[in-house]
Each structure stands twice: as structure tokens, then as C-alpha cells.
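One structure is given below, encoded as C-alpha cells.
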Amino acid sequence: MAEDFLVKNKISPKSIDILVVNCSIFCPTPSISSMFVKRIGLRSNIRSYNLTGMGCSAGLLSVSLAKDLLKIHKNSLALVVSLESLTHNGYPGKVKSMLLTNTLFRSGGTIILLSNRKQDRRRAKYVLQHLVRINMGFDDQSYTCVFQENDEEGHVGVSLSRRTMHIASNALRTNMVRLGPLVLPYSEKIRYLWSLFLQRVCADPKSKQYIPDFKKAFEHFCIHSGGRAVIDAVEDNLSLSEEDVEPSRMALYRFGNTSSSSVWYALCYLEAKGRVKRGDRVWQIAFGSGFKCNSAVWKCVSDVDPTCSLNPWSDRIHLYPVEVPEILDT
């Protein structure tokens, strides 16, 4: 996949200056980043990073690391590989909270090429405008809601707490508070501040805190496909429509929870449908163990080809969306 990606974009492996790889569960020796250096033939002096154990939000965390490195290293290319491999990490035990990972998670991966070179501006598809990261690890319940541990029989598995959705909602609200001032129009900011004034200064018992309409800031939403409950929670918190969450629901239906790469599968769905237009803004929302909520805001700056052969949806996008049976939509 990596070789095809570089050939398609006419990029020489020797021109890659930064490599960031993330994979939460699978952590071999040599590292996956070293495997990429050998397989693709990257330079010996490449700045290589291998992130593990960062959960489903690690894809945007890797983009954040690459962004910070590109601020320092001018005229550079950064290759970000976001993947998950579950082959060696199936749970063989009987604890129900750990068995869910066997049925929900799937292997998957994506490659993103970031650049700060002037000559790449004309062929770039998106510009990264904002990236907001939230880590709730200071809270005990947040820290343990997605937790790898041994069961009573000694089997290693990942346990999912029943409070995960509540914790995810709190993390999302915290992220929204920090992201809102960066992206919301002035009308929404004023309405939000006015509701706070009525509540805290005037102590008006009838007033409720206003939740800003983020649909006025974004045209598209790519939510981490962590499960039906995750998508439902974000849909309710942001008052989104079925069309807004369709990319994430279809990504979950076809590919399962591909962990850190799921937000990219959702974006590829939008591209294959031809919905992303020049000037559109896309909000990617990812959740992960720790507990983390990361947001990335991208602005489309060129015409996107919906028939791209590297798009995982291009061969059957005409079959979607589909009506998901209740028994499968979990």
C-alpha cells in the first residue's frame, strides 16, 4: 500500500524527511517504523517515530507530532502511517467486557502525506487549520474506562467500562470548549457567552447553557467509528443529522472499528461520494484510551477526485449508504 501511494503521488522514498507510525496494540521488535524504512527504502537519516499504546485517537496525535516537526524542519515531507493489527492480540478468555474488542475491532490502516514545501501547495487536497487534544488521564474513571489487564485466568485483554460513553461525552465537551473559539462564527460565540452571563452573573433559573451550533463552522464530520453508541453520543451532543454521521456509520458497518485510522475511512467515504468541495471544512473527532479526545480541522483547497484508485470505497461506493440491521449496528 505504501509503495502504491508514493508511486501514485510521484514521490520518491528518498524525499521523505519525517516518518510517524502509530499502532496501539501491535508492538513488535524491530518497530513498525523500522519495517517501513526497510520495506520502502527510506533514507538512513530520516526522523522516525513509532507511537504505541495511544488508543484510537492516535491517528490525529500522529498528525499533531508531524505538524510540530514540520514547524521546525522547513521544506520537508512527513509520512504519517496510522494502523492497527489485531492478529496477535485476540482475547481468548470469557470476561464479557473484554470479549467486545474481539467482535468490534478490526485491522486497518491509512497513509497521510503532510508537507510544508511551497511547491506542494498547488496539489495539496487539504490544509490543516486546527488541532486540539484533550487528555482526561488525571481522572481515575477516565483513566481506567478502556484498560488492558489480565483476567482471573491470566489472559490479557482490553476491558471496556460501561461508563465509557459518559466519559467520552465529557471529553468531547471539553474539546468543544477549546475548539469553539477557534472555529465558530461570532454569532455563535455571542449566544454562548450571553447564556453564561445569564447563568453565572444574573443567576437566572430559567436560562440554560447554550450549546453552539458547530454545523455553522463545518460542512462535514468524520467521527471515530468506535461503535454505534459512540456515533450516537456525538450525534446527540452536536445535534447532527443522519447525513452528517453517515460516513462514520458506513465505515463502522463495512470495516468495523479500525481504531486510529477510522476517521480517515470516514473522510474517504465523503470523497468517494463527491461531497467534499473546494472551501469545505472537515472536522475529525477521535476518542481513545487514557481517556483522550482529539480534534482536527481540515480545509479542502482543491478539487477531490472521487474515483481515486487508492480510495478504499471507490470499488463499491454506489452501494452505500445501506440500511444497517439492528443486530449488526452495535
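Throughout, read-outs are computed from the coordinates displayed, never taken from laboratory work. Treat the numbers as computed from the prediction; the structure is a model and nothing was measured. A quick note on method: Cβ atoms are made from the backbone with ideal geometry, for glycine too, and the neighbour counts reach across all protein chains shown.
Quick look at the values:
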read-out: Sorted peptide list for 307-317, 243-253, 168-178, 273-283, criterion being average Cβ within 10 angstrom, highest first; value: 243-253, 168-178, 273-283, 307-317
read-out: Sorted by Cβ neighbour density within 10 Å, fewest at the top, the residues ILE223, ILE285, ILE190; value: ILE190, ILE285, ILE223
read-out: Candidates TYR126, TYR192, TYR143: whichever shows maximal mean-square fluctuation once the chain is modelled as a Gaussian network with Cα springs under 10 Å; value: TYR192
read-out: Three-way shape call for region 1-67 based on the alpha-carbon gyration tensor, with the a/c threshold at 1.5; value: prolate
read-out: Region 211-251: Rg to Rh, with Rh as the Kirkwood radius over Cα pairs; value: 0.93
read-out: Separation between Cα centres of region 262-330 and region 146-202, rounded to whole Å; value: 22
read-out: Separation of alpha-carbon centers, region 34-67 and region 83-106, rounded to whole Å; value: 24
read-out: Column: log10 I(q)/I(0), Debye, Cα scatterers of region 2-123, q = 0.11, 0.17, 0.21 Å⁻¹; value: -0.42, -0.87, -1.21
read-out: J(HN,Hα) series, region 109-119, from Karplus relation 6.51 cos²θ - 1.76 cosθ + 1.60, nearest Hz, glycine and proline x; value: x, 9, 10, 10, 10, 10, 9, 10, 7, 4, 5
read-out: Within region 107-123: backbone nitrogen closer than 15 Å to the LYS8 label point (7 Å, Cα to C-beta); value: 109-114
read-out: Quarter of the Cα convex hull surface for the chain, i.e. its orientation-mean projected area (nm²); value: 19.0
read-out: Spin-label zone in region 11-51 - amide nitrogen under 17 Å from a point set 7 Å from the Cα of ASP151 along the C-beta vector; value: none
read-out: Pairs of alpha carbons in region 126-319 whose separation is greater than 29 Å (percent); value: 30
read-out: In Hz, Karplus ³J(HN,Hα) per residue of region 153-163 (6.51, -1.76, 1.60; θ = phi - 60°; x = Gly, Pro); value: 8, x, 7, 8, x, 9, 8, 10, 6, 5, 8
read-out: By average C-beta atoms within 10 angstrom, highest first, the peptides 44-52, 114-122; value: 44-52, 114-122
